[in-house]
1. Could you check the stretch 242-267 and list, in sequence order, the residues that are part of a loop (DSSP other than H, G, I, E, B) and closer than 14 Å to residue 215 by Cβ?
2. Give just the number: which of (1) in a loop (DSSP other than H, G, I, E, B); (2) touching a His at 6+ places or on another chain (Cβ under 8 Å); (3) hydrophobic (A, V, I, L, M, F, W, C) does residue 90 not satisfy?
3. From the list 176, 186, 191, which residue is buried (at least 16 other Cβ atoms within 10 Å of the Cβ), farther than 28 Å from residue 285 by Cβ and touching a residue at least 60 places away in the same chain (Cβ under 8 Å)?
4. Cβ-Cβ under 9 Å, sequence separation 6+ or interchain: first residue in the stretch 228-241 and farther than 14 Å from residue 210 by Cβ, partner in a strand (DSSP E or B) and of a type in the set (D, E, K, R). Which pairs?
5. With respect to the numbered conditions (1) assigned to a loop (DSSP other than H, G, I, E, B); (2) of a type in the set (Ser, Thr, Tyr); (3) closer than 19 Å to residue 290 by Cβ, which one is the sole condition not fulfilled by residue 187?
6. So, in the stretch 217-263, of the ones that are charged (D, E, K, R) and over 27 Å from residue 126 (Cβ atoms), which residue ends up surrounded by the fewest Cβ atoms within 10 Å (Cβ to Cβ)?
7. Scanning the stretch 274-304 for residues that are at positive phi and not in a strand (DSSP E or B), which turns out surrounded by the most Cβ atoms within 10 Å (Cβ to Cβ)?
8. For the condition free of Cβ contacts under 8 Å to residues at least 60 places away in the same chain and of a type in the set (A, V, I, L, M), what is the one hit in 284, 297, 247, 259?
Amino acid sequence: MRTEGYALRGFVAIVAVEQGKTQVQVTPTSPVLQGVGVQAMLPDPSEPYVFELEQGDVLNLETDGAQSSDLTGTLILSDKKVSVFGGHECANVPLGTNYCDHIEQQLIPVPTWGTHYIGDAFKPRNASQKDVFRVLAGADNVKVTVNPAVAGPYILQKGQWVEFYSGMSFEVVATGPVLLGHYLQGSNYAGFSPHPQCSFGTGIGDPAMTVVLPVSSYQTAYTVLTPESYIEDYINIVAPLGAGKDVFLDGEALSGPFVPVGMNPFEVAIVPVKPGVHVLTSAVPIGLTVYGYDCDVSYAYPGGGKLVP
């Protein structure tokens, strides 16, 4: 994601979590700013940069150069387990849309990427809203098909990505591992409606980022938290077609409708929830996204997943 008009940067943060020294190799896709313990880095696939971290160390890399710089597709390899977070200090989504906001998300390792996803669109703030999605390939010659055909098909090489917009939920099927990112547009997206609880004629919501987890990671139980002080909080539930009747939220059967995802064997329910802890259970594995809107601010995160290679 990118920022317009401000010297704010995209970033990746790598955390060493195991005892002893961890060697990390980074092949960036964009110039990286020089900092303490970090030399200026240039994108060169043949020249990875090597760092040595102790347990608890955090390696923070930030974009340098043009404000359109983006670290999407950067390759990170390590000889021990690490946690990786990606995001932006204040991204405009899309570029040119007010307002910018910080976005961040913990990323999942490539061995846990999938070939089958349901991109569950956020609750529309009005009929003009379209979400931004990115598909990133983890191998060469990956064919990506989107159903309904809101975009694509695409053929991607390792580290390549595509971006598209959709106001509806859809299925992604790939011939190799891919990662699906999901972004909320800024509050003043094209055609936005001013919200009566927001001053200065602005709308609710602002850029937020989440990672869509593959169908293979779905679970039968989730416990999630929705924060205080947001005007609207929602959960998106993705279930096999016809299985929505067996989904329970906080011990109660869902009253909201499940809507089929095109002609695919999945359905999605967008359920408004109150702030607090919520427990979701199902007879079959389901997917879950948690998010919310307030004046020029938002949040989004995956409700959880079974991440196995």
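The values are calculated or read from the model by the stated rules, or taken from the named source; none is laboratory data. Bear in mind that the values here come from a model prediction, so they are computed numbers and not experimental data. Here Cβ is always computed from backbone atoms with ideal geometry, including for glycine, and neighbour counts include all displayed protein chains.
1. 243, 261, 264, 265
2. Among (1) in a loop (DSSP other than H, G, I, E, B); (2) touching a His at 6+ places or on another chain (Cβ under 8 Å); (3) hydrophobic (A, V, I, L, M, F, W, C), the lone unmet condition for residue 90 is (1).
3. Testing whether each residue is buried (at least 16 other Cβ atoms within 10 Å of the Cβ), farther than 28 Å from residue 285 by Cβ and touching a residue at least 60 places away in the same chain (Cβ under 8 Å) leaves just 186.
4. 229/294; 230/294; 231/294; 232/294; 237/267; 239/267; 240/267; 241/267
5. Exception for residue 187: condition (3).
6. Filtering first and then ranking leaves 252.
7. 296
8. Only one candidate qualifies: 247.
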